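A.B. asks: Got a structure for you, written out below as structure tokens; questions coming shortly.
The values are calculated or read from the model by the stated rules, or taken from the named source; none is laboratory data. What you see is a predicted model; the values in this text were computed from it and never measured. Cβ atoms come from the backbone with ideal geometry, glycine included; neighbour counts cover every protein chain shown.
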Amino acid sequence: MIEIRDLTKRYRGRAAVDGLSFDVSPGTVTGFLGPNGAGKTTTLRVLLGLADADGGSARLGGHRYRDLHRPLCHVGALLDGGGHPGRTARGHLRGMAAANGIGRQRVEAVLDEVGLASVARRRIGGFSLGMRQRLGIAAALLGDPATLVFDEPVNGLDPDGVRWLRELLRRLAGEGRTVLLSSHLMSEMELTADRLVVIGRGRLVADTSVAELAARFSQGVSVRTPDPDGLSAVVAGAGGEVATGPDGAIFVSGMDAASVAEAAAARGVILHEVATHRSTLEDAYLRLTADSLEYSGGAS
Ligand SMILES: Nc1ncnc2c1ncn2[C@@H]1O[C@H](COP(=O)(O)OP(=O)(O)OP(=O)(O)O)[C@@H](O)[C@H]1O
């Protein structure tokens, strides 16, 4: 169980994480999403005792990371890769195991698990990005922890590696572990995660199941109008909801295209375009985070 409560972390007076609260439950894979600079890594760094919070708390099974005895046996994390380039994969894992009172047989088991047994004697400096990711995952699994935290684990993995990781994460959650997985890739989350925690500018944007999010945004009406305020009032009056899409169109949910057009006509609101829109989870994510983009390409 991961509990984040009112967490705030500032850098030079600016909040990277701003009053954030959410839980991650055992037995699920929870996706942690947000645009660049949203505060995901900062949240994970505070959770893992690598940075101090300015307010609130981040707890693992009710404890702060720094109060855990043999932390590797409680939480495994893939954050920045790691491992000295001059060490071998096996040497690196043996060093970690020794520091945490973990037996050497676990080193061989996790090397097998991540598919690195045949290169265990090679130096990490010669590893590809994908091999480094696998080594980082092996390190996270070393202490057989109840909680796993992976920051962008898909980076550098080839399609086979991505599928392998997906199955591993599902299995770990199936064993009752708490699995938190950060990524920008909604398409990957759709296949791997049960729940999604979405943040933007350090704040919670959504805490929902994948199924709920898909249902909420599954279908709607995309509208272009020179009078967005007028349209908002019309839609609110008819019981629908509006959201602004990343491309400037207005997205109406809870109404079909004919109802939107008729309600707008009745109130004299001009529409330039009305289209039924079936959206993917990726679209839903983009709409959720459109207002919290810190860095976006092109003018918007
Ligand atoms: N050590 C630091 N010093 C100063 N500012 C920082 C530091 N770490 C993060 N920040 C700032 O905090 C904000 C949140 O960054 P963070 O890396 O947590 O976001 P993120 O969601 O992980 O982004 P990305 O998806 O790009 O990795 C950003 O504005 C970033 O510039």
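A.B. asks: Which of the helices (runs of 4 or more DSSP H) contained wholly in segment 88-199 include at least 3 residues that are within 27 Å of the chain's Cα centre (by Cα) and either modelled with pLDDT of 95 or more or of a type in the set (A, V, I, L, M, F, W, C) (or both)?
C.D. replies: Answer list for segment 88-199: 104-113, 129-141, 159-174, 186-192.
A.B. asks: Ok, one more. Only one of G61, G86, G27 is within 24 Å of G130 (Cβ to Cβ) and more than 16 Å from the ligand (Cβ to nearest atom); which?
C.D. replies: Selected residue: G86, the only one of G61, G86, G27 that is within 24 Å of G130 (Cβ to Cβ) and more than 16 Å from the ligand (Cβ to nearest atom).
A.B. asks: Condition first: β-branched (V, I, T) and either part of a strand (DSSP E or B) or modelled with pLDDT under 90 (or both). Now tell me which residues in segment 212-246 satisfy that.
C.D. replies: Of everything in segment 212-246, those that are β-branched (V, I, T) and either part of a strand (DSSP E or B) or modelled with pLDDT under 90 (or both) turn out to be V221, V223, V242, T244.
A.B. asks: While we're here: Look at segment 197-226 and say how many of its residues are among the small types (G, A, S) and within 16 Å of the ligand (Cβ to nearest atom).
C.D. replies: Within segment 197-226, residues that are among the small types (G, A, S) and within 16 Å of the ligand (Cβ to nearest atom) number 3.
A.B. asks: Can you confirm whether L135 is among the aliphatic types (A, V, I, L, M) and more than 16 Å from the ligand (Cβ to nearest atom)?
C.D. replies: So L135 fits the description; yes.
A.B. asks: Looking only at segment 24-56, count every residue that is assigned to a strand (DSSP E or B) and surrounded by 15 or more Cβ atoms within 10 Å (Cβ to Cβ) and tell me the total.
C.D. replies: So the count comes out to 7.
A.B. asks: Criterion first (in contact with a His (Cβ under 6 Å, 6 or more places away or on another chain), surrounded by 20 or more Cβ atoms within 10 Å (Cβ to Cβ) and within 30 Å of E108 (Cβ to Cβ)) does P145 satisfy it?
C.D. replies: The answer is yes for P145.
A.B. asks: Let me ask something else. Are there any pairs with C-beta distances below 7 angstrom linking a residue in segment 33-49 that is in contact (Cβ under 8 Å) with a residue 12 or more places away in the chain to a residue that is more than 9 Å from the ligand (Cβ to nearest atom) and among the charged types (D, E, K, R), with the two at least 6 apart or on different chains, and if so which?
C.D. replies: Taking only residues 6 or more apart or on different chains, the pairs are G49/R66.
A.B. asks: Of the residues A233, A206, A193, which single one is touching a residue at least 24 places away in the same chain (Cβ under 8 Å) and in contact with a Lys or Arg (Cβ under 8 Å, 6 or more places away or on another chain)?
C.D. replies: A233
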